[in-house]
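Before I ask anything, here is the structure I am working with.
Nothing in this text is a laboratory measurement; each read-out follows from the coordinates by a stated rule. Predicted model, so just to flag it, every value in this text is computed and none were measured. Here the Cβ positions follow ideal geometry from the backbone for every residue, glycine too, while neighbour counts run over all protein chains shown.
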Amino acid sequence: MQILNGLLLGDGHIERRKLTHNSILRVERSIDDELYLIDNFKEFENICPSEPKYRKKDGVIKFINFYTHSIGLLNWFHDQWYKDKVKILPKYITGTLTPLTCAIWFCDDGFIYHNRGSLGIKLCTHSFSKLENEILCGTLNAMLKTKFIVSRIRKDNKYYFVLSGANETVIKFMSYIKNELPISMNRKIIN
């Protein structure tokens, strides 16, 4: 459940085509993150119908993905994470931001950067509303004694929200997740 929550905060997607059908989990990544996708796949392989598949774009392999069988248990997660086919922040998530969940979320949608001698972190939360971002931000700040803020960024002529932090916030968050970071994503912390 911790890994699934981290994936759903990030790049994971649960699909349910009809209410009479069970849901499936889909995860797709850039080919650059092939080893990380394989790490994710290993956690779910007992419920997957096949090995990860490669996908081409313009005749070149650009992506790798996997999906699970249709499973009734995933229906509950789908109903918590989606409303009218739009991803939402489920109410239960604030009590489940474990180091493993946050590590998977960071590997999916986080990055560390340097800016004018300062260290920064961003957790991209584009699919969530401003209020949902404020809830995530407040939860992290209360839990870790950090100073994340909700920032608005512009991308492709649209505005999105991200959680941002600097210096001490970076150190506290990375200390929280360090023992759960997959080796396949060391590039996220080495820059």
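Sort CYS137, CYS48 so that the residue with the fewest other Cβ atoms within 10 Å of its own Cβ comes first and the one with the most comes last.
In increasing order of surrounding Cβ atoms, one gets CYS48, CYS137.
If I model a spin label at LEU35 and GLU51 as a point 7 Å from the Cα along the Cα→Cβ vector, what separation in nanometres do I get?
1.8
Please work out the FRET efficiency for the pair HIS21 and LYS147, using the Cβ-Cβ distance as r and a Förster radius of 45 Å; give the result to the nearest 0.05. Don't skip to the answer; put the middle values down first.
Details: r = 44 Å, r/R0 = 0.97.
Efficiency at R0 = 45 Å is approximately 0.55.
Pairs LYS57/LYS178; LYS18/LYS42; LYS85/LYS122; LYS122/LYS178; LYS91/LYS145; LYS56/LYS85: which are spaced more than 24 Å apart, C-alpha to C-alpha?
Exceeds cut-off: LYS57/LYS178; LYS18/LYS42; LYS85/LYS122; LYS56/LYS85.
With springs only between Cα atoms under 10 Å apart, run a GNM on the chain and tell me which of PHE63, PHE173, PHE77 wobbles the most.
Sorting by GNM fluctuation, first place goes to PHE63.
GNM, the chain, Cα, under 10 Å: largest mean-square fluctuation among TYR36, TYR54, TYR67?
Between TYR36, TYR54, TYR67, it is TYR54 that shows the largest mean-square fluctuation.
Right, something else. Sequence gap at least 6, Cα distance under 8 Å: using those rules, report the relative contact order of segment 2-86 to the nearest whole percent.
Computed over segment 2-86, the figure is 32 percent.
Next question, about the same structure. What does the helix-only formula give at 222 nm for the chain: each DSSP H stretch with n ≥ 4 adding -39500 (n - 2.57), the total divided by the residues, and the result rounded to the nearest 500 deg cm²/dmol? Present the calculation step by step, with values, prior to reporting the outcome.
Working: 6 runs with 64 residues, N = 191.
One gets -10000 deg cm²/dmol as the mean residue ellipticity at 222 nm.
Do me a favour and compute the ellipsoid semi-axes for segment 93-188 from its Cα gyration tensor, root of five times each eigenvalue, largest one first, whole Å.
Largest first, segment 93-188 gives 19, 16, 14 Å.
Under a GNM of the chain (C-alpha, springs under 10 Å), which listed residue has the highest mean-square fluctuation: GLU51, GLU34, GLU134?
Among GLU51, GLU34, GLU134, the largest GNM mean-square fluctuation belongs to GLU51.
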